[in-house]
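I have placed the structure first, in the form of structure tokens, so that the comments after it can refer back to it.
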Amino acid sequence: MKIAKFVMKYGILVLMVVGLFSISGAAQAEDNTLVFASAAEVRTMDPHITMDNTAWRSIYYCYDRLVELVGGTTDIQPGLATSWEVSEDKTKYTFNLREGIEFSDGTPFNAEAVKFNFDRLLDIGSAPSGLFKVVTNVEVIDEYTVEFTLDHPFAPFIKTLATNQASIVSPGIMEYEEDDDYAQDWLSANTAGTGPFVLESWERGRRMVLSKKEDYWGELAKLDQVIIRFISESSEIRMLMERGEVDMSTSLTIDQMEAMRGTEGIVIVEEPSFMCQYVYLNNQNEYLKHVKVRQAISYAVDYDGIIESLYRGHATQMRGPIPQGLSGHSEDVYQYHQDFDKARALLEAAGYEDGFSVEIMVSPTVPEWRKMATVIQDNLSNIGIDLEVRSYAWPTLRDKLDRGDFDMSFGYWTPDYPDADMFTWYWFLSDNGGLAGNRSFYDNHVMDELVTLERREVDTEKRMALFEGIQWIAVSDAPYVYLLQANHQVAMRDRVKGYEYNPMLLRMPNFNDISVSE
């Protein structure tokens, strides 16, 4: 009788306890699963549409490309192409393709598939197509040979083929085409590649599951699944990681990363990166259109204070627009430092000795920007410039940047391919105003000529000389405040093995090589 009453009274509790053990057992059964936490949601899985690093993390390993990056380096190796030849005038690239490969939908990979991809990319004409507008024709030579014709020599062309934008999608997606959309709607929520993973499920706002492709043509992924959880609050990500419910994340703040160092079971990996932070100075603004005003602002900023107090020393001051570690960077280029006397003299020479008022844009998406804005606000007040800080949601900020509807704004940039062209042609060509790259709407005809020449020059020595000149002009004209080059930090549980950092895949861990073990 007492036993019966106990069961009746506590039966539900018993079942709950049993359920907890069952859940624990299920978690152990799924031990070959990596849980990655992302603060931002994915909007589309179509590699020919998105320029969002958050989406690239989910997309990249569901596809392959003609060429791939080598491990943790910026070197290039064969991918879906086994080899290639380049014409003497550097305008034709002929690729020999791997045979016997199928996409996840069973469609064979061949030269027709390659042509379909670049036709699709260029016909859609979204932002990812910008890398390949130099391509004038893709011709199928035979089933496993394809030839690209370029409008002119383009020095970094092979490197661009290792980007997410160059991911090769199955032509079989055309089964889902609607209203001549190249199946954009279907591919936004599905994958159709030859890569080591496939998209298994996606609960928008909650999580995405990538599963190992068991018949992958190359080396099989070590993980059975990657679960990407979308968690907007970095404090929650930290809590879940410390509890062992999240294995890996790049979405923690600098302070949180610092606080977690030394925590049992957690490893913080830190590496130098090409991720650069700037202040965009809108050169169309009535004050900022004057080069002396822009130079004055560059002299007013406390670079050392920002790096030491806000970044805890996990960054270095930029020296010109091309980051350290990237071929073409010059250590001889002038570097601004805080000098209020010089800044005031420059403002006076520009006719603004009494100062003026401008606004600077920040977004909660990058918490460090608000802190940096406070420092720079104080810095500029010392030379008579009143800086008002305005916060916008990320989509709004990007829209205002694209339209040039701002005075000053924080911004960051990471290269898509390992070449200084990413930091010169995009940033300084006058035709690239807005989100295309030139977010200061800088206009200098001499610079236009130089950045056009550098990407067409195939002689390395001559190209490096062009980059040297570009950097000196870029620093002298000061269309941006070149703030800092931040180190990249990843937090992970110590059960995560095989992570290899690649500076070109900043927020895209090598899921194909990672394993987990207690």
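The values are calculated or read from the model by the stated rules, or taken from the named source; none is laboratory data. Fair warning: this is a prediction, and the values are worked out from it, not measured in the lab. Neighbour counts run over all protein chains shown; Cβ positions are idealised from the backbone, glycine included.
Numbers below:
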read-out	value
Candidate set from the stretch 179-201 (those that are without any contact (Cβ under 8 Å) to a residue 60 or more places away in the chain and of a type outside the set (Asp, Glu)); member that is surrounded by the most Cβ atoms within 10 Å (Cβ to Cβ)	Ala183
Test set (1) free of Cβ contacts under 8 Å to residues at least 24 places away in the same chain; (2) of a type in the set (Ser, Thr, Tyr); (3) in contact with a strand residue (DSSP E or B) (Cβ under 6 Å, 6 or more places away or on another chain) - Ser409 fails condition number	(1)
Residue check for Tyr426: of a type in the set (Phe, Trp, Tyr), outside the structural domain of Pro128 (by TED's automatic domain parsing), modelled with pLDDT of 90 or more and not in a helix (DSSP H, G or I)	no
Some residue of the stretch 471-481 being assigned to a strand (DSSP E or B) and touching a Phe, Trp or Tyr at 6+ places or on another chain (Cβ under 9 Å)	yes
Yes/no for Glu219 being within 20 Å of Val67 (Cα to Cα) and either not in a loop (DSSP other than H, G, I, E, B) or not assigned by TED's automatic domain parsing to the domain that holds Gln77 (or both)	yes
Gly437 surrounded by fewer than 20 Cβ atoms within 10 Å (Cβ to Cβ) and not assigned by TED's automatic domain parsing to the domain that holds Asn282	no
Restricting the stretch 95-134 to residues that are more than 17 Å from Gly193 (Cβ to Cβ) and either outside the structural domain of Pro153 (by TED's automatic domain parsing) or not in a helix (DSSP H, G or I) (or both), the residue that is farthest from the chain's Cα centre (by Cα)	Glu99
Failed item, numbered, when Leu453 is tested on (1) more than 24 Å from Gln335 (Cα to Cα); (2) part of a loop (DSSP other than H, G, I, E, B); (3) of a type outside the set (Ser, Thr, Tyr); (4) modelled with pLDDT of 95 or more	(2)
Filter pass, Leu199 being among the hydrophobic types (A, V, I, L, M, F, W, C) and not in a loop (DSSP other than H, G, I, E, B)	yes
Filter result for the condition that a residue is within 30 Å of Ile266 (Cα to Cα) and hydrophobic (A, V, I, L, M, F, W, C), over Met464, Met422, Met504	Met504
Filter result (crowded, with 17+ Cβ neighbours inside 10 Å and not in a loop (DSSP other than H, G, I, E, B)) within the stretch 346-355	Leu346, Leu347
Subset of the stretch 237-286 (residues that are part of a strand (DSSP E or B) and either buried (at least 19 other Cβ atoms within 10 Å of the Cβ) or among the charged types (D, E, K, R) (or both))	Met248, Ser249, Glu270, Glu271, Cys276, Gln277, Tyr278, Val279, Tyr280, Leu281
Some residue of the stretch 432-450 being touching a Gly at 6+ places or on another chain (Cβ under 8 Å), modelled with pLDDT of 95 or more and over 30 Å from Phe356 (Cα atoms)	yes
Filter pass, Asp459 being in contact with a strand residue (DSSP E or B) (Cβ under 9 Å, 6 or more places away or on another chain), within 24 Å of Val135 (Cβ to Cβ) and surrounded by fewer than 19 Cβ atoms within 10 Å (Cβ to Cβ)	no
Subset of the stretch 46-91 that is in contact with a Phe, Trp or Tyr (Cβ under 7 Å, 6 or more places away or on another chain) and assigned to a strand (DSSP E or B) - its residue that is nearest to Gly205 (Cα to Cα)	Ala81
Residue, nearest to Asp255 (Cα to Cα), within the stretch 361-399, restricted to residues that are assigned to a strand (DSSP E or B) and aliphatic (A, V, I, L, M)	Val362
Residue tally, condition over 20 Å from the mean Cα position of the chain (by Cα) and among the hydrophobic types (A, V, I, L, M, F, W, C), over the stretch 376-421	8
Test for Phe95: is it of a type in the set (Phe, Trp, Tyr), modelled with pLDDT of 95 or more and farther than 21 Å from Met174 by Cα	yes
Members of the stretch 259-311 found to be on the phi > 0 side of the Ramachandran plot and touching a residue at least 24 places away in the same chain (Cβ under 8 Å), listed by number	Gly265
The stretch 465-518 - residue that is closer than 25 Å to Leu281 by Cβ and among the small types (Gly, Ala, Ser) and, of those, modelled with the lowest pLDDT	Ala486
Residue satisfying all of: in the stretch 440-456; buried (at least 22 other Cβ atoms within 10 Å of the Cβ) and closer than 20 Å to Leu483 by Cβ; nearest to the chain's Cα centre (by Cα) among these	Ser440
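Condition check ((1) assigned to a loop (DSSP other than H, G, I, E, B); (2) of a type outside the set (Asp, Glu); (3) in contact with a strand residue (DSSP E or B) (Cβ under 8 Å, 6 or more places away or on another chain); (4) at pLDDT 95 or above) across all residues:
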{"residue": "Lys289", "(1), (2), (3), (4)": "yes, yes, no, yes"}
{"residue": "Val293", "(1), (2), (3), (4)": "no, yes, no, yes"}
{"residue": "Ser298", "(1), (2), (3), (4)": "no, yes, yes, yes"}
{"residue": "Ile306", "(1), (2), (3), (4)": "no, yes, yes, yes"}
{"residue": "Arg312", "(1), (2), (3), (4)": "yes, yes, no, no"}
{"residue": "Thr316", "(1), (2), (3), (4)": "no, yes, yes, yes"}
{"residue": "Ser327", "(1), (2), (3), (4)": "yes, yes, no, no"}
{"residue": "Val333", "(1), (2), (3), (4)": "yes, yes, no, yes"}
{"residue": "Tyr336", "(1), (2), (3), (4)": "yes, yes, yes, yes"}
